[in-house]
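Here is the structure we will look at, set down as structure tokens.
Rule-based calculations on the coordinates, nothing more; no lab input. All figures in this text were calculated on a predicted structure; none of them were measured in a lab. Ideal geometry is used to build each Cβ from the backbone, glycine not excepted, and the neighbour counts take in all protein chains shown.
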Amino acid sequence: MIGFGFSIYKFFQYLPEEIAAGNISRPQAPRNLGMSLIALGTLALSAAAWQHRSFLNDIGAAQKRYVWSISSS
């Protein structure tokens, strides 16, 4: 959803001649739709991360002590 939101926003951003001619009645609508999809995707990603963490706690995986680091593989 996040990528689709960015795509919609960038696609309609390249129509300035249509906006200048007045052919588009709501020029901010694509931006609003793109931002809404980005926010919805971010919310869904956060909810999925929370659900995954909860699942790991339920199965007892959190009892194992891991050293978490961005640079470790």
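Per-structure values
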{"item": "Förster radius 25 Å - calculated FRET efficiency between Ile70 and Met35, Cβ distance, rounded to 0.05", "result": "0.30"}
{"item": "In nm, spacing of pseudo-spin labels at Leu43 and Leu56 (7 Å Cα→C-beta vector)", "result": "2.5 nm"}
{"item": "Order by protection proxy (mean Cβ within 10 Å, highest first), peptides 42-50, 5-13", "result": "5-13, 42-50"}
